[in-house]
1. Note down the magnitude of the dipole of the stretch 83-152 about its Cα centre, charges +1 on Lys and Arg C-beta and -1 on Asp and Glu C-beta and zero elsewhere, to the nearest 20 debye.
2. When the Cα centres of the stretch 159-211 and the stretch 92-118 are compared, how far apart do they sit, in Å?
3. Using Cα pairs closer than 8 Å and at least 6 residues apart in sequence, work out the relative contact order for the chain, in percent.
4. With the chain treated as a Gaussian network of Cα nodes joined by springs under 10 Å, which of T250, T38, T87 yields the largest mean-square fluctuation?
5. Identify, among P230, I172, H151, the residue whose Cα sits farthest towards the positive end of the charge dipole of the chain, taking +1 on the Cβ of Lys and Arg and -1 on the Cβ of Asp and Glu, with the dipole about the Cα centre.
6. Pick out, from A209, V47, G262, the residue whose Cα sits farthest towards the positive end of the charge dipole of the chain, with +1 on the Cβ of Lys and Arg and -1 on the Cβ of Asp and Glu.
7. Does the stretch 3-169 come out rounded, prolate or oblate by the C-alpha gyration tensor, with a ≥ b ≥ c the root eigenvalues, rounded set by a/c under 1.5 and, if not, prolate when a/b is larger than b/c and oblate if not?
8. When the dipole is taken about the Cα centre of the stretch 3-169, and only Lys, Arg (+1) and Asp, Glu (-1) are charged at their Cβ, what size is it in debye, to the nearest 20?
Amino acid sequence: MPKVAVVTTGGTIASTRDAHGISRPAITGADLLGNEQTDIDLRVVDVMSKDSSSMTFADMDRVRDAVADELKDPGLDAVVVLHGTDTMEETAFLLDLHHDDRRPVVFTGAQRTFDHPESDARSNLAAAIAAGLDISSRGRGVLIAFGGSVHPAAGTRKADTTALDAFRSLPIDPALLHTPEPLPWHPISNTRVDIIAVYPGADRVQIDACVSAGANGLVLDGLGSGNANPTIVEAVRDCVGAHIPVVVTTRVPSGPISPVYGGGGGGHDLIAAGAVFSTDLRAGQARVLLAALLSDPDLVGLEKAFDRYSRFARTPPFRR
Ligand SMILES: NC(=O)C[C@H](N)C(=O)O
């Protein structure tokens with residue numbers, strides 16, 4: 001009989017609505033699975049019961065440890081993780097970066113609460129279990145099964161607040177489907193990485209505040225193909241001088257991130273100030289990658305490593 005561990009963390013898939021229509025996690029893994037007889041041995045591991053918007057790096061470390069514990073069982077075929085959709089892309093990517101096993105780990109959740117008359121909870125759970133047991137999932141790292149699609153965790157983002165197929169993945173190069181070498185595991189909860197929003201007229205207040213708060217690294221959620229302005233470039237130069245790495249990504253949903261603009265505040269100027277470009281990852285996953293790399297006391301060559309683990313898309317040549 002195939003054996004699957006179902007690790008629960010909360011999210012809408014484990015939520016019910018009160019009389020005012022407010023959703024809160026309330027359902028255990030056992031409630032979710034019900035007592036239907038199946039020909040799969042399902043082992044439930046309730047790790048936490050949180051709306052995923054409240055997840056911290058410490059929570060993500062706990063999810064990673066729970067999954068790693070389950071994978072110690074050689075008789076297990078796959079792990080399914082039930083998680084809120086708001087930050088599923090972060091937790092799933094953290095696990096993917098460190099996943100050193102051919103057996104699949106499949107994340108899923110729901111857009112409609114468990115008690116909704118047309119909930120997607122049960123269908124997504126069934127699809128995640130099926131993806132975990134599908135032989136073609138082996139060796140593909142951590143996956144997100146949601147709304148009828150199966151996405152690799154790396155590069156996938158929540159792209160719609162309510163649609164049942166909420167996630168979109170990058171046009172992945174098959175050769176880069178899974179990060180070639182898993183990163184050595186170090187918890188990320190003691191590493192602080194902040195995301196800085198860039199917008200017209202943005203000054204350096206956010207950057208200076210994050211540095212004062214003890215940031216170990218920053219992610220710049222830039223404009224266009226990875227641009228900011230001369231004030232931000234100056235602040236980035238100061239951070240890099242103080243050994244606080246700054247990664248540049250973009251608020252634009254798709255397309256390559258390229259340091260091709262000058263003019264004092266463009267991507268080219270950010271690179272000249274010492275910033276690192278995130279090739280394909282947007283802010284949420286870029287933050288997780290930077291935290292994972294900075295949490296490794298033996299890391300050498302942050303820039304190369306970042307490029308290697310943030311490059312997934314088959315992107316057409318950039319033209320202006
Ligand atoms: N659909 C969901 O799961 C959203 C919810 N706020 C969560 O992330 O936990």
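1. With only Lys, Arg, Asp and Glu charged at Cβ, the dipole is about 320 debye.
2. Cα centres, the stretch 159-211 to the stretch 92-118: 17 Å.
3. 14
4. It is T38.
5. Of the candidates, P230 comes out farthest on the positive side.
6. Going by the Cα projections, it comes out as G262.
7. rounded
8. So the magnitude is around 240 debye.
Each reported figure results from applying straightforward, stated rules to the coordinates on display, with no laboratory input. From a predicted model like this one, the values you see are computed outputs, not experimental measurements. Because the Cβ atoms are built from the backbone with ideal geometry, glycine has one as well, and the counts that use them run over all protein chains shown.
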